[in-house]
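Reviewing the structure listed below.
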Amino acid sequence: MSGNGKCFINTTTAVLEGRTDCTVCHGIVTGTAEKVLGIKYPHAWLEVVTTIPGHEDAQFIMCEDSCHDMGPLPAAYYYQVGNIDPESVIRYTPEQVKEMCIKHETYGPWHESLIEAAIKAESMVEN
């Protein structure tokens, strides 16, 4: 699989190392790279609420993706590019990330639907 699950390791590690200003998101993206083109697979990223200096009353959600060579992106754009359904994204607070990591003894994914998607995506990439 593209990234070999590093996105789950990177996002969980960020929280375990003390990052508290974010929400860890797990969801299904649709691959755009040649090896995974059109394949739906689980992915993890961070969402951070930010403001623009001088306009603190306006908040924006930015997505940080540790597996791709890009800086933070506006959530709407990130979701569009990844073909992500916002309603299906599972969000975890830093405290929940710590609990889930201990409970499941893995960096993620933790939700059954994402585990099933990972198995399906792996079989599609291998064939």
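The values are calculated or read from the model by the stated rules, or taken from the named source; none is laboratory data. All of these numbers come straight from a predicted model, not from anything done at the bench. Don't worry about glycine lacking a Cβ; one is built from the backbone with ideal geometry, like all the others, and counts go over all protein chains shown.
Miscellaneous remarks
- Summed over segment 91-111, the residues that are surrounded by fewer than 19 Cβ atoms within 10 Å (Cβ to Cβ) and not in a helix (DSSP H, G or I) give a count of 5.
- Checked against the criterion of being under 19 Å from S113 (Cα atoms), among the hydrophobic types (A, V, I, L, M, F, W, C) and either surrounded by fewer than 15 Cβ atoms within 10 Å (Cβ to Cβ) or modelled with pLDDT of 85 or more (or both), segment 63-72 contains not a single residue that satisfies it.
- Yes/no for E47 being more than 13 Å from the chain's Cα centre (by Cα) and acidic (D, E): no
- Just one of the listed residues (T93, T50) is among the hydroxyl-bearing types (S, T, Y) and farther than 15 Å from V24 by Cβ, namely T50.
- Among residues of segment 36-53, those that are closer than 15 Å to G71 by Cβ and at pLDDT 90 or above, counted: 4
- Counting the residues of segment 70-90 that are in a strand (DSSP E or B) and touching a residue at least 60 places away in the same chain (Cβ under 8 Å) gives 1.
- Of the set (1) within 16 Å of the chain's Cα centre (by Cα); (2) over 16 Å from V97 (Cα atoms); (3) hydroxyl-bearing (S, T, Y); (4) surrounded by fewer than 18 Cβ atoms within 10 Å (Cβ to Cβ), all apply to T13 but (2).
- Considering segment 1-17, the residues that are farther than 19 Å from P72 by Cβ and in contact with a helix residue (DSSP H, G or I) (Cβ under 9 Å, 6 or more places away or on another chain) include one that is modelled with the highest pLDDT, namely L16.
- Residues of segment 18-55 that turn out to be touching a helix residue (DSSP H, G or I) at 6+ places or on another chain (Cβ under 7 Å) and either in a strand (DSSP E or B) or among the small types (G, A, S) (or both), as a count: 14
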